[in-house]
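What follows is a set of notes on a single structure, which appears directly below.
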Amino acid sequence: MLDQKLKERLKNIRAVALDGDGVIFTGQILEGINGSLGKLRSHADGQGISLLRSAGIPVACITGEKEIDALFLGKLVERWNNFPAAKAGKMPPVKLFSGVQREQKAVAAESWLRGYNLALSDCAAIGDDISDYDLLQAVGFSAAPAQAEEVIKKMVHYVTPRRGGDGAVRDLANLILEAKGIDITTLVIR
């Protein structure tokens, strides 16, 4: 359970940054003779991202992955940005940053947030490993999925009950929307 101080932090969150492998995806790769064939993810996480966006909260995916592995995330972001509500301008687009190394993740998030006149203190982020450490330290609210490395779980504000790729993003989305008093069934502030 979150204390009142953390609930207040969550009320002020106006954007969310997500890592890819270990957060959106499980971190497992189906490997074939010719390379990566697939990654696993939960539809619950996609629904969490849709709920955030429908509530007007922009989302960015910031990953160190590049080339073929980043294509999986790129295709997913493209699909999210082609939802009818997104195309109609009823939800902010998901921004993808790939090939971003540890020390540059906070810089990438900061540049993205400037486009919304927001600062890192207005942003929540979720990451699972040391490559996310600097970003998690810089944001207003930090989270880690249940299977994250111990060094990450010890430094964040919140550890989700579910694992990355299996509902962790939805857990964070639910937490943010609840703190803001937004009913997820209607997206109306209670």
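The values are calculated or read from the model by the stated rules, or taken from the named source; none is laboratory data. Remember, it's a predicted structure, so these values are computed and weren't measured experimentally. Here the Cβ positions follow ideal geometry from the backbone for every residue, glycine too, while neighbour counts run over all protein chains shown.
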Checklist outcome for this item: Taking segment 144-162 and keeping only residues that are touching a strand residue (DSSP E or B) at 6+ places or on another chain (Cβ under 7 Å) and among the basic types (Lys, Arg), one is left with LYS153
Checklist outcome for this item: Selection from segment 151-190 of residues without any contact (Cβ under 8 Å) to a residue 12 or more places away in the chain and of a type in the set (Lys, Arg) yields LYS153, LYS154, ARG190
Checklist entry - Among the residues of segment 52-60, is any among the polar types (S, T, N, Q) and either out of contact with any Pro (no Cβ under 8 Å at 6 or more places or on another chain) or closer than 25 Å to ALA146 by Cβ (or both)? => result yes
Item to check | Residue list for segment 74-112, filter: closer than 21 Å to VAL169 by Cα, without any contact (Cβ under 8 Å) to a residue 24 or more places away in the chain and surrounded by fewer than 13 Cβ atoms within 10 Å (Cβ to Cβ) | outcome: LYS75, GLU78, ARG79, ASN82
Next on the checklist: Can you find a residue that is part of a loop (DSSP other than H, G, I, E, B) and not hydroxyl-bearing (Ser, Thr, Tyr) anywhere in segment 102-112?
Outcome noted: no
Checklist entry - Which one of ALA173, ALA146 is assigned to a loop (DSSP other than H, G, I, E, B) and within 15 Å of the chain's Cα centre (by Cα)? => result ALA146
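Restricting to segment 6-40, and then to whatever is in a helix (DSSP H, G or I) and either in contact with a strand residue (DSSP E or B) (Cβ under 8 Å, 6 or more places away or on another chain) or modelled with pLDDT of 90 or more (or both), can you tell me which residue is surrounded by the fewest Cβ atoms within 10 Å (Cβ to Cβ)? I'd like the intermediate steps shown before the answer.
Initially, segment 6-40 is screened for residues in a helix (DSSP H, G or I), giving 6-11.
Cutting the leftovers down to either in contact with a strand residue (DSSP E or B) (Cβ under 8 Å, 6 or more places away or on another chain) or modelled with pLDDT of 90 or more (or both) gives us 6, 8-11.
Details: LEU6: 15, GLU8: 11, ARG9: 19, LEU10: 20, LYS11: 13.
By that ranking, first place goes to GLU8.
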Checklist entry - Can you pull out the residues in segment 113-146 that are of a type in the set (A, V, I, L, M, F, W, C), within 14 Å of VAL23 (Cα to Cα) and surrounded by fewer than 24 Cβ atoms within 10 Å (Cβ to Cβ)? => result ILE130, ALA146
Checklist entry - Are any residues in segment 157-190 of a type in the set (Val, Ile, Thr) and either out of contact with any helix residue (DSSP H, G or I) (no Cβ under 9 Å at 6 or more places or on another chain) or over 18 Å from ASP21 (Cα atoms) (or both), and if so, which ones? => result ILE176, ILE182, ILE184, THR185, THR186, VAL188, ILE189
Checklist entry - Among the residues of segment 58-73, is there at least one that is surrounded by fewer than 19 Cβ atoms within 10 Å (Cβ to Cβ), in a loop (DSSP other than H, G, I, E, B) and at pLDDT 90 or above? => result no
Item to check | Answer residue from segment 150-170, given it is of a type in the set (Gly, Ala, Ser) and in a loop (DSSP other than H, G, I, E, B) and is surrounded by the most Cβ atoms within 10 Å (Cβ to Cβ) among those | outcome: GLY164
